[in-house]
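The values are calculated or read from the model by the stated rules, or taken from the named source; none is laboratory data. Remember, it's a predicted structure, so these values are computed and weren't measured experimentally. Note: accessible area is taken over every heavy atom of the protein model, side chains too, but ligands, DNA and RNA are not part of it. Shrake-Rupley method; radii C 1.70, N 1.55, O 1.52, S 1.80 Å.
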Amino acid sequence: MKVVLADPSTLLRSVLVGVFTDAADVEVAATVASLDELRASCSRHKPHVVLAGTSFPDGPMADAIADVLL
């Protein structure tokens, strides 16, 4: 299962990568800190799961949901 992790916090992204590294059948396809990076990563990697915070420097997650799901 491909996962994209999205949060402005470098620490949180690092911790989550560590958690998922030990999980079988999980590939962290990308970690990103902005909505623009999230849109690009989802378009490029076509993840099965996106784990994202709710607020980013370039806007709220709600602004990107439609782009991420398509």
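Structure above, values below:
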quantity: Whole-number D in µm² s⁻¹ for the chain, Kirkwood Cα-pair radius fed into Stokes-Einstein, 20 °C, 1.002 mPa s; calculated: 179 µm²/s
quantity: Percent carbon-and-sulfur accessible area, the chain, ignoring ligands, DNA and RNA, probe 1.4 Å; calculated: 59 percent
quantity: Relative contact order (percent, whole number), the chain, Cα cutoff 8 Å, 6+ residue spacing; calculated: 41 percent
quantity: Fraction of beta bridges assigned by DSSP in segment 1-61 that are antiparallel (%, nearest 5); calculated: 20 percent
